[in-house]
Amino acid sequence: MASSQRSSFNSCTRRLESQQNQTHTSAVTSTLVCQLSRARAPTNSRPYMLGAGLLTYFLSKEIYIINHETISAACMATVIIYSVKRFGPDVAAFADKLNEEKLQKAEEVKALAVASLAQAIEDEKKEQWRVEGRHLLFDAKRNNVAMLLETNWRERVHTVHNEVKKRLDYQIALQSLHRRMEQEHMVSWVEKNVVSSITPQQEKTSIAKCITDLKSLAKIQQAKATV
Amino acid sequence: MMLNFFDQFMSPVLLGIPLIALALLLPWILFPNPAARWINNRLITLQGWSISQTTHQLFTPLNQGGHKWATLLISLMIFLISLNLLGLLPYTFTPTTQLSLNMAFAVPLWLATVIVGLRNQPTIALGHLLPEGTPLPLIPVLIIIETISLFIRPLALGVRLTANLTAGHLLIQLIATAVFVLLPLMPTVAILTASVLFLLTLLEVAVAMIQAYVFILLLSLYLQENV
């Protein structure tokens, strides 16, 4: 027993790496706790043995006397232990929730910033893609402008053509008018001269001739009618 | 040596050193200081949350001038709650069972509210002595009654706290003694009495917190009238 105790003591005085970095480890208590917690039995009974021994000692030597305070202490202990066991996890979860909400607010800000930046990247990529397709746009615009120019030119040519045609038509009409007027004038002059050159003798002879012609025609017609 | 139930309320002195100073300083170490971290551990988070909730609850009805009293009143409330709750543990001394202490809290604070009211808005402060809508013949009597009630306030504040805590402690002691005495004689009755003691302990825990809150609530109400 003594050798096992001594070996556990020796192994407990060797400091662990983690313990060396701690600032609040007392050599005495850490050794004691290490020694007490090195399990030899399935459940670690050393602290309980110490507790039971101390309690028995205090009670038997009447260092601690059981009185009414003990009973009120027992009541108070029941209340405390019950409330801790019952409400402990809920309170801890609530405290964690408060911290989580705080973290989440900051995360939201960060997520929003990240999202807006990602959106900016997407927009930039789209703009770059648009820039690549810019030449298509320019070709279309160029074609459009060329078409407009062509249309405009053709319209003007058409206008010019019409104007020229109008002028030429005017000239033609003028000429034809001229000719017609000359012709009419000539005809009327000729008629006038002819009419004025008809002497009364000629007029009589022509009228007599007409009458004889008419009579002959009438005879012919009569003959045709009777036949 | 006779069992004197009032021994628990005697201010403890050890070798001439008043231990009430220790009892008054002890609650301070139970409340951790917030560390210079953004997310704290659960205890500090809960402490901060509960203090901010209580402050919000108490000081929303007050105007800007009343908010200057927030530090004083909330720290006083934390102090009283911790003193009351620690006093429920066995073999502890509750400083708030001493009338001198409670009057030392009540009288200066009440007097401060009255003086603040009379200095800044004397008409309104004096106007509180007459409730609205009183019939004309009752006015002189009512003013006297209201003045008496005004001067009774500090007395009521102090004595309320003292009486509640003293009565609670005494009851716990008496019923615990009853259980202790009955345990060898009539165990069943002792068990019934122990259940009464359990309920009483629950009540005392509630009373401890409520009385401290009521103290501060009434002071904030007196402040609300005068600021």
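What stretch of chain B, leaving out the sites themselves, is the longest with no chymotrypsin sites (Phe, Trp or Tyr not before Pro) in a DSSP loop having at most 15 other Cβ atoms within 10 Å? Provide the component values of the computation, followed by the final result.
Values: sites that count: B:W38, B:Y91.
Result for the longest clean stretch: B:92-227.
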How high is the relative contact order of chain B? Use alpha-carbon pairs under 8 Å, at least six apart in sequence, and give a whole percent. 29 percent
Straight-line reach check, A:K97, cutoff 18 Å on alpha carbons, 8 or more apart in-chain or any other chain, hits among lysines -> A:K105
Evaluate the distance, in nm, between pseudo-label points positioned 7 Å from the Cα of A:E101 and of B:L25 along their respective Cα→Cβ axes. 3.8 nm
Calculate the FRET efficiency for B:R37 and A:E122 from the Cβ-Cβ distance with a Förster distance of 51 Å, rounded to the nearest 0.05. 0.85
Give me the distance in nm between label points sitting 7 Å out from Cα along the Cα-to-Cβ direction at A:A173 and B:T147, one decimal. 12.4 nm
So how exposed is B:M103, as accessible area in Å² (1.4 Å probe, rounded to 10)? 40 Å²
So, with points 7 Å from each Cα along the Cβ direction, the A:Q183-B:L15 label distance in nm works out to 16.0 nm
Within the stretch A:42-69: backbone nitrogen closer than 18 Å to the B:Y91 label point (7 Å, Cα to C-beta): A:51-69
Given the options A:S116, A:S45, A:S206, state which has the largest fluctuation in a GNM of chain A using a 10 Å cut-off (strictly under) for Cα springs. A:S206
Determine the alpha carbon to alpha carbon distance for each of A:K102/B:K68; A:K85/A:K110; A:K165/A:K192; A:K192/A:K219; A:K85/B:K68 and list only those over 32 Å. A:K85/A:K110; A:K165/A:K192; A:K192/A:K219; A:K85/B:K68
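If you take the beta carbon distance between A:I211 and A:V145 as r and set R0 to 60 Å, what does 1/(1 + (r/R0)^6) give as a FRET efficiency, to the nearest 0.05?
On the way: r = 86 Å, r/R0 = 1.44.
My answer for the efficiency is 0.10.
For the stretch A:53-119, run through the trypsin sites (Lys or Arg not before Pro) and keep only the ones in DSSP coil with at most 16 other Cβ atoms within 10 Å of their Cβ. Intermediate results must be reported in sequence, preceding the final value.
Numbers: sites: A:K61, A:K85, A:R86, A:K97, A:K102, A:K105, A:K110; in loops: A:K61.
Sparse-neighbourhood loop trypsin sites (Lys or Arg not before Pro): A:K61.
For A:M49 and A:Q221, compute 0.36 nm times the residue count separating them, minus their Cα-Cα distance, and round to one decimal in nm. Please list the in-between numbers first.
Values: separation 172, 0.36 × 172 = 61.92 nm, distance 17.42 nm.
Gain on extension, A:M49 to A:Q221, equals 44.5 nm.
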Highest-fluctuation residue, A:Q201, A:Q119, A:Q35 considered, GNM on chain A with Cα pairs under 10 Å: A:Q201
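Order the following by accessible area, largest value first: A:H68, A:H135, A:H24. Probe radius 1.4 Å; ligands, DNA and RNA are ignored. Show your work: numbers first, answer last.
Numbers: A:H68 20, A:H135 105, A:H24 175 Å².
Largest to smallest exposure gives the sequence A:H24, A:H135, A:H68.
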Rg over Rh of chain A, using C-alpha atoms and the Kirkwood radius, what does it come to? 1.94
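Assuming R0 = 25 Å, what is the FRET efficiency of B:M209 and B:S75, from their Cβ-Cβ distance, to the nearest 0.05?
On the way: r = 16 Å, r/R0 = 0.64.
Approximately 0.95, to the nearest 0.05.
Enter the mean projected area of the convex hull around the alpha-carbon atoms of the stretch B:89-227, in nm², rounded to one decimal. Spell out each step's value before the answer.
Working: hull surface 45.3 nm².
Mean shadow area of the hull around the Cα atoms is 11.3 nm².
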Just in the stretch A:40-141: which GluC sites (Glu not before Pro) are loop by DSSP and have at most 10 other Cβ atoms within 10 Å? A:E62
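For A:61-73, what's the mean count of beta carbons from other chains sitting within 10 Å of each residue's beta carbon? Write out the running numbers ahead of the final one.
Values: counts 0, 0, 0, 0, 0, 2, 5, 14, 10, 5, 14, 16, 4.
For this peptide, the per-residue mean of nearby foreign Cβ atoms is 5.
What quantity of accessible surface, computed with a 1.4 Å probe and excluding non-protein components, is buried in total between chains B and A, in Å² to the nearest 100?
Numbers: alone 14380 and 20810 Å², together 32910 Å².
Chains B and A together bury roughly 2300 Å² of accessible area.
The values are calculated or read from the model by the stated rules, or taken from the named source; none is laboratory data. Keep in mind it's a predicted model, so treat the numbers as computed, not measured. Counting neighbours? That spans all protein chains shown, and the Cβs are built from the backbone with ideal geometry, glycine included. Ligands, DNA and RNA are excluded from the accessible area calculation, which covers all protein heavy atoms including side chains. Shrake-Rupley method; radii C 1.70, N 1.55, O 1.52, S 1.80 Å.
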